[in-house]
Amino acid sequence: MFGLSELAILLIVVIAVIGARKLPELARSAGKSARILKAEARAAQDEEAGAEPRVVQGEIVPPGTGTSPPGARAADAPDPR
């Protein structure tokens, strides 16, 4: 019978042979996920460290004075209730 290490090596070889086309795609996906996770962890640390939140300047537009896309009707607007 095979031992645990032999079975692990055999499983790795079978996965490499069968999934050879998918391995680069999986590696890219894992790399992207790791980068996203690292960026989120860094942002959480910055937030906990007392970093000032970013302020985004905008303008206040009173209801009914904004522009609407061409062809939009007043009946298409959501009910303000």
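Just a few scattered comments:
- In a fully extended conformation the segment linking LYS32 and PHE2 would gain 7.1 nm over its present Cα-Cα distance, using 0.36 nm per residue.
- Net length gained if the chain between LEU23 and GLU48 were fully extended (0.36 nm per residue, minus Cα distance): 5.3 nm
- Working note: Karplus 6.51/-1.76/1.60 with θ = phi - 60° gives region 43-48 the couplings 5, 5, 5, 4, 5, 5 Hz, where Gly and Pro are set to x.
The numbers here are math on the coordinates, done by the rules we state, and not lab data. Keep in mind that this is a model prediction, so the values were computed, not measured.
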